[in-house]
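Below you'll find the structure, written out as structure tokens, and then a few comments.
The values are calculated or read from the model by the stated rules, or taken from the named source; none is laboratory data. Quantities reported herein were computed from a predicted structural model and do not represent experimental measurements. FYI the Cβ positions are ideal-geometry reconstructions off the backbone, even for glycines, and counts take in every protein chain you see. Protein only, heavy atoms only, side chains kept; ligands, DNA and RNA dropped before computing areas. Shrake-Rupley method; radii C 1.70, N 1.55, O 1.52, S 1.80 Å.
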Amino acid sequence: MRRPTSLLLTSQSTPTSLRIALRELRKPGIGIVTLFATLVFAVTILVLTISLTQSVRDGLRQSAQQTIGGDISLRLFHRTPTTDEIAFLKKLSTLSLTIEQRVMVQPSDNQQAVLSELKAVDAAYPLFGNLALSPDIPLSEALGTSNGTPGIVVGPELIEDGGYRVGDTLYLGDQPYQIRARIVTEPERKFRLFSLGPRLIVGLDAYRNSPLLAPGKQVYWYLRIKLPPDNTRTPDQIIAAIEDRFPDSGWRIVSAADGVPGLERIGDFASAFVSLMGIAIFAIATSAIRNALTADFAARRPRFATLRSLGARPHEVAASIIWQMGLITGFAILIAVVLTAIAGAVLGPLFAEMLGFDVRPTFENIPMIAGFVFGFVAFVSIHPIRDASDASPARLFRHQDRLETQGMLKTRLTKLMIVKAVIAACLLGIASALIDLGWFSLVLLTVLVGCQVLFVGLGRIIRAIAGMLSTRHRLSPALRLALRNIARPSAPTVTITASFGLAMTCLTAVILFGSLAGQHLKSVLPSQTPDVVFFDIPPTTQDAFQADVLRTDGVQSITQMPFLHGRVTHLNGAPLTQAQVPRRYHWFLRGDRGMSWTDRPTANMSQSMLTDGQWWPPESVNEDLASIDAGVAQAVGAAVGDSLTVNIMGKPHNVRIANLRQIDWTRLDLDFPIVLSPMSPAFDHGVISAVQLNDTMDARASMAPILETHRDIPVIFVNDVLAKLTRLFDGVVAGMLAISSFATLGAVLVIICGLIALRQHHAETLAMLRALGIRPRQITQTGALETGLMVAISGLVGLMAGSGIAIIAAQAIGTINLEQVATIAGPMIATAFGMIVVLGFGGGWVLQATSLRAQPGWRG
């Protein structure tokens, strides 16, 4: 920086205030150095989080064609698309028809059957992306028939974990298939966070006549459209034409232009959280600016006095400081961009491997980020700059305050409040645009600002209480001196308390939430769920199946219910759209929903409290009554007595709401958001069975005879599902913990900067106290008490606040009792508080001793 500074100093066109600022930067003090280092750290974290999350969101949108398999995807459940529907869609553009189904794959030897996710594809598949195989052979060759046996390609799990090899024979129903290749990449499966089994891909023509496609089976039919390059109609116009032609088809339509349902929402919320944490880390870290400026201005007080004595006006001194802050901030942003580019080059391939598309930092938001950084620096430095520039030479030389009237003080305060309010409003708008989640961005920022305000208030309370206690003569001299230092207006009490308290809140909330929710997922939830779930049981064999299960050793109970899917389309004859309901309930209207019917509530349904209405009597056959979830009803504006239209098998079916149930969705019991009254004859359907075993029984060993007798009935072992959910949950918590750790690091930087400012300002005073007879141990003890009290109090409040947030969040996932909280949170909070006390008092001791050793005469 010295060479460009010297060149600008020699230019006669350089403004005087800028030349003064450049001279000061040629030999910066410790305050400016710590300020610059903190800014580089904070801005780098901010740029990195915003740019990478924006890149991920752009990548998700751009890869939506591969994820949904086309420009437009139409999905049907249970029923096959008609010839008229297929013919109409083929006229629009290129059409690909596929089937997806969960089936049991049967090996040719005595190995156990495996639940797998099957896809049957036509010759046009895939419309977008590439299905990579090993060995690298064309898909048509891999799925073709050879010696009367069709081919099949399988996921790597089946080969790596199941012990199968290319060339082995598998059975789907009674049809043999030969493994021709292993799937390396599958376009539609890149963002599949969770699956119940390995992928199998077969040819559609060979699979069409499979008995596994019998009526009532849980089969998804996908019709995917690839629009031509010269298409003149938008996807929305094409979707409108399809719905006008087939208004009662009951299919779920997804456009790649709108992103991937579910995945788009997850990506938006994940990006918003990461961006919010980046802003929070920046806010925490840049709280050190005020402390660093205090240290720097205290060291440069004689030079400010000289400028004022030579005729410089307050606004000219302020202009030189503003130039200096602008240059430092701009250079910090430049370095942050370079560091972000380097980090992106390192992390990009890792993200690309996980997500399946190229991820590189995008700097399109740099102008907004730069505006946010400059605005935030101005917001936190406006008071120190005013105090440094708006003072008389007498005050600067003799540390005397200039007498100001009450009117003058009120006018200055009003002006500052107006300026800070304008800056704060601009910062809030920019931050909301960076998070980019609509009105919810303001909610997140309001929570963040609220937490910051609470901890700022806590800092002021600590300062006031310290001032009152410092006059108590019963306290030791070292403690009284520490309290006086904490109570001084120039002390970094508020910034240290606010930054460290907020960081501890974030870190505690993440760690404790992960522990409580993880404990619920790993310990509580297994006891609230069935051990084994069978589905797609033919209704004609459900009684025999139930009898076989009840004869099996270790079976405690079995619950059976009919199962099919339907799509809710109208309420009281008026169409229902996603725009009419909160986003968290879009799942209810977005596609087909699982539903059942029963003559009386099952044991699981009885645990769901009725909030309105009554259950129908057992003889209510064909009365078209419905029981729905109370939360869903409130979201769509439905009440008892209203009429719902449900599209089942491509036909509208009107039902009347008889009651509302408060369903606990944190339990994985056999329950449905829509339950109908009994009907005769019933729709084509399958039966789902939930089996509860004794605690001492192994699920796989106990169900082995059933799997052997009913080989084609798909089965889910719930413990395996919970294990996958646990791994996914642990990964998410680890990512949140890493981000929160950066917030803690930023808070530590604030503490260090604040203590450097305080030590530099008071080190000479303390050294003089030593000359008057105070022992060295008492001086270092003062520093330890001063730092320890601020860190310990703010840390304790942060621990309490974070614990409250974690308990509330964990309660939303599952019921958390006080005993669980005490067992998990008690030792965690005690350990964390012990570490905070050691950090505060020990760090204060070290910094105080270090600063005093730098004073002349300390060793002698």
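Values for this structure:
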quantity	calculated
Residue-level accessible surface for Arg189, protein heavy atoms, 1.4 Å, Å²	50
Percent accessible area from carbon and sulfur atoms, the range 649-726, protein chains only, probe 1.4 Å	53
Net +/- balance of residues flanking Asp695 in space, Cβ distance below 15 Å, scoring K and R +1, D and E -1	-3
Rounded accessible area of Leu339 (nearest 10 Å², 1.4 Å probe)	80
Order by protection proxy (mean Cβ within 10 Å, highest first), peptides 91-103, 625-637	625-637, 91-103
Förster-model FRET efficiency, 51 Å R0, Gln692 and Val453, C-beta, rounded to 0.05	0.50
Spin-label model distance (nm) - Ile335 vs Arg313, 7 Å beyond Cα toward Cβ	3.5
Probe 1.4 Å - accessible area at Asp161, Å² to nearest ten	130
Thr577 paired with Arg711, simple spin-label distance in nm, labels 7 Å along Cα-to-beta-carbon	5.2
Shape call, the range 125-175: gyration tensor on alpha carbons, a/c limit 1.5	oblate
Spacing of the two label points (7 Å from each Cα toward its C-beta) at Ala343 and Ala734, in nm	1.9
Per residue value of the accessible surface for the range 127-217 (all protein chains in place, 1.4 Å probe), Å²	46
Sequence of Thr67, Thr185, Thr471 when ordered by accessible area, the most exposed leading, probe 1.4 angstrom	Thr471, Thr185, Thr67
Of all accessible heavy-atom area on the range 455-494, the percent that carbon and sulfur account for (1.4 Å)	63
Surface accessible to a 1.4 Å probe, per residue, for the residues of the range 528-681, Å²	44
Among the listed pairs Lys217/Lys724; Lys226/Lys724; Lys91/Lys724; Lys119/Lys651; Lys226/Lys651, those beyond 32 Å (Cα-Cα)	Lys226/Lys724; Lys91/Lys724
Which of Thr495, Thr169, Thr850 is most accessible, then next, and so on - probe 1.4 Å	Thr850, Thr169, Thr495
The range 641-690 versus the range 552-623: alpha-carbon centroid distance in Å	4
Computed P(r) (all Cα pairs; the range 465-576; 5 Å bins; percent)	2, 8, 9, 7, 7, 7, 7, 8, 7, 6, 5, 4, 4, 6, 6, 5, 2, 0
Using a Förster distance of 51 Å, the FRET efficiency for Met368-Asp205 (Cβ separation, nearest 0.05)	0.40
Paramagnetic reach from Asp624 (point 7 Å along Cα→Cβ, amide N under 17 Å) across the range 669-692	675-683
